[in-house]
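Just so you know, all these numbers are worked out from the coordinates, no wet-lab data involved. All of these numbers come straight from a predicted model, not from anything done at the bench. When we count neighbours, we look across all protein chains shown, and the Cβ atoms used for this are built from the backbone with ideal geometry, even at glycine.
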């Protein structure tokens, strides 16, 4: 008996990646603009200055354009768990479904309800109520991210669950463990700050463009003031939570860490690659080819980031496959082959358990259940074939990781300089910085996409770490169907993206609505 | 002590209620399906679009919540129906993707495809989403072609490791070949259009559109009643998918759904009340030229009727998502629900729903203190 065809699994993955990739263009804009427009409106309510209202309304309009397309891609993601990952939906739905439902009930409704007051309520509710609505839109968007990232973090590090051999699925036994997982918090904060970074980059970049064109000067300076602060806070916090992510990944997903660094042979006091190029001739983890053409390392930094100890041993890809090194808890790491054997034992025990129960042999069933539980931690390995299956795409993970880090360190510097000019000098006089701000608009988008590629490609082959590989998770649908929907989605989303981009550019060209008595610029 | 059985019934009630709310809120889709036929001028069209555009998010969010709540409470339905009736759901979702951008984009400069295209998207969403939802819901009574084997994942199945397997290569499109499914699909489409007509009458400050909407209530109300009655009577006298409470065996029982109504008189009473409210909303609007509040009767009636209909599909030892080719694969509240722990955790979350409903009600009221007219589109500062 075979697993699903590679083609079915890969097209299902491609479809999910496509949707998620598009989703993560628009959602970060709303996360970032949500905060920025709420801060701007707060300034309006505090100062009564109509110009702040004008600024808020402009960015709220941009928010609306992105909100629409964000929910369009979001709804597809939600339902794709069912349409394309049917085994997954049953196998872990007992845990995974809950945060999705809570997101709908508690977060998405908040965002969608108060967005209508934000847009249509200027003349219909009080000024303070309007401000509260704008903040609630931001809160709703952020809570949405919270629940979704709890769900995602749980896939990377499954906690608070127990396998039930009768229902053949994992069941939640500790809601709090799922909600309070450190990985979840870190992931949530990291993703939200990356949204702030995107919003801030856009606001500051557009402001710079107006300054270059010498239009809407006051609007531009107000935008740069708020955007600049949000941007700097975001990037500093991205560094902090990024460090947290690296630490958690090294503890929970060492293979991902090894792929991020292209580390095949582990070592003590491992350095972090600051700059490097992988050797395309390296085809397999065990072909003996040097993985690098060149690399520049910061000594011992990887050990420190991963284990808070400059001399800690960081296992490489081959170590993780071969086992035998000492883990943090003092035990010895198992090899892939040992884990595979235990996984197969667990799967067989589950089958035996089911048969024994069906035949009423309860004592036998109890024995099989014991074997199953003893080996369940390795369940997913039983479906893999060779150690190679355990290795994610190293070049993709490596380059996207380093691209993200480089962009974000550059951005700390950029926002630091920008704020200096906004608050201490005059941004109007610094053309070079205006150009830099304009041309930096795409960078946070690229960094965000790269970050998700690291997170999701780096954990292959797992949908649920160690428990459920992708080829076991997908729906049994022939590839032709999925290819068709993939093409439809590609056309739809691309068309929508182009329309969205040109609408935004038109809005930027048009500028904010003139104040009463003000002439159109 | 709250039993597992109680929680399963409770969650089926919540899902039924969400289903009822969703069908009611699909008046937005109904309105989208008649943007062209109801309006004669561009300004009329704009008013209709903006009246609906201030509500579309509620329908959309309810759909998202419906999906999430179904996933959390009955995950086997999620994996079986979505992963199996792939095309029915995918087409429905495509329509919603199109809808999500259409309001915001259609009148904005630089939208590439022009307002006509976006309005065509709204039309597509209006017709297909309502119709397909009706078709799929009907399959709760007529059955689908799938098998479920939980042991498959451990290699016990004959055809692969997938637990839920759809056995018809059309993946959901075959549901369109069942006349009863078509009847409910058309009933939901015409119901949505009827509700939209009633909504416009209550919401718009525009005499021409109001009068036209009154006529449209009749034109759409009649086919709705006809198709709904065909579906209802057919379903009441047809065989249904019953579950033996002791052995859990699924078997065909003559007039099962009629029996469910008779076994659960409260459900029957509410169902009848719901139907009466819908009919009162429609006919009083048609025959009484001063009556403009039909949407509240027909809307509330829709919520109650659909909720009761879904209760009949799942309560009283009935398989709510039956397999017509392998009865024992049918989904029941017992074999497809989440664990006791998850259902109770989610039940606690559901206690917050009244709070959510309260702020939705507040927002709705805040924006609806007065009827919408063309001047509002100017003065509110954000128009589609």
Quiz item: Which number comes out as Rg/Rh for the stretch A:336-383 once both Rg and the Kirkwood Rh are worked out on C-alpha atoms?
Solution: 1.04
Quiz item: Using 1/(1 + (r/R0)^6) with R0 = 41 angstrom and r between the beta carbons of residue A:510 and residue B:279, what's the FRET efficiency to the nearest 0.05?
Solution: 0.25
Quiz prompt | Taking B:209, A:419 and counting other C-beta atoms within 10 Å, the order from fewest to most | solution = A:419, B:209
Quiz item: So what's the projected area for the stretch A:362-521, the Cα convex hull averaged over all directions, in nm²?
Solution: 18.5
Practice problem: Compute the convex hull volume of the Cα atoms of the stretch B:20-68, divide it by the residue count, and report the result per residue in Å³ as a whole number. | Solution: 58
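To make sure I understand, if each residue's beta carbon is the centre and we count other beta carbons within 10 Å, what order do A:89, A:335, A:250 fall in, fewest to most?
The most exposed by this proxy come first: A:335, A:250, A:89.
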Practice problem: Report the label-to-label distance for residue A:484 and residue A:413 in nanometres (one decimal), using points 7 Å from each Cα along the Cα→Cβ vector. | Solution: 5.2
Quiz item: PRE reach from residue A:366 (point 7 Å along Cα→Cβ): which of the stretch A:145-174 fall under 20 Å by backbone N?
Solution: A:163-167
Quiz item: Taking every residue in A:123-135, how many Cβ atoms of other protein chains lie within 10 Å of its Cβ, on average?
Solution: 2
Exercise. Over the alpha-carbon set of the stretch A:76-122, work out the extent along each principal axis and list the three values in angstrom, largest first.
Key: 48, 18, 7
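Report the percentage of all Cα-Cα pairs in the stretch B:18-155 whose separation exceeds 23 Å, rounded to a whole percent.
40
Suppose we look only past 55 Å in the calculated P(r) of the protein assembly as shown. What percent of the Cα-Cα pairs does that tail hold?
14
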Exercise. Work out the FRET efficiency for residue B:239 and residue A:385 from their Cβ-Cβ distance, taking R0 = 60 Å, and round it to the nearest 0.05.
Key: 0.80
Exercise. Apply 1/(1 + (r/R0)^6) to the Cβ-Cβ distance of residue B:40 and residue A:311, taking R0 = 60 Å, and write down the FRET efficiency to the nearest 0.05.
Key: 0.15
Quiz prompt | Intensity falloff of the stretch B:288-349 expressed as log10 I(q)/I(0), Debye formula with alpha-carbon point scatterers, at q = 0.21 Å⁻¹ | solution = -0.93
Quiz item: Per the Cauchy relation, a quarter of the hull surface: what is the mean projected area of the convex hull of the alpha carbons in the stretch A:396-455, in nm²?
Solution: 4.1
Quiz prompt | Reference-scaled alpha-carbon Rg (2.2 N^0.38 Å with N residues) for the stretch B:225-342 | solution = 1.28
Quiz item: Using 7 Å Cα-to-Cβ label points, what is the residue A:428/residue B:370 separation (nm, one decimal)?
Solution: 4.1
Practice problem: Quickly estimate the mean residue ellipticity at 222 nm for chain B, helices only: each DSSP H run with n ≥ 4 gives -39500 (n - 2.57), and the total goes over all residues, rounded to 500. | Solution: -21500 deg cm²/dmol
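Provide a whole-number value for the mean count of partner chain Cβ atoms within 10 Å of the Cβ atoms in peptide A:471-478.
The per-residue average across the peptide is 5.
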Quiz item: For the stretch A:259-322, what size does the Cα cloud have along each of its three principal axes, sorted from largest down, in whole Å?
Solution: 33, 28, 14
Quiz item: Put a dot 7 Å past each Cα toward the Cβ at residue A:335 and residue A:129; how far apart are the dots in nm?
Solution: 7.1
Exercise. Provide, as a two-decimal number, the C-alpha radius of gyration of chain A over 2.2 N^0.38 Å, N being how many residues it has.
Key: 1.07
Exercise. Using every pair of alpha-carbon atoms in chain B, split the distances into 20 Å bins beginning at 0 and state the percent of pairs per bin, rounded to integers.
Key: 27, 56, 16, 0
Quiz item: What is the order of B:127, A:27, fewest Cβ neighbours within 10 Å to most?
Solution: B:127, A:27
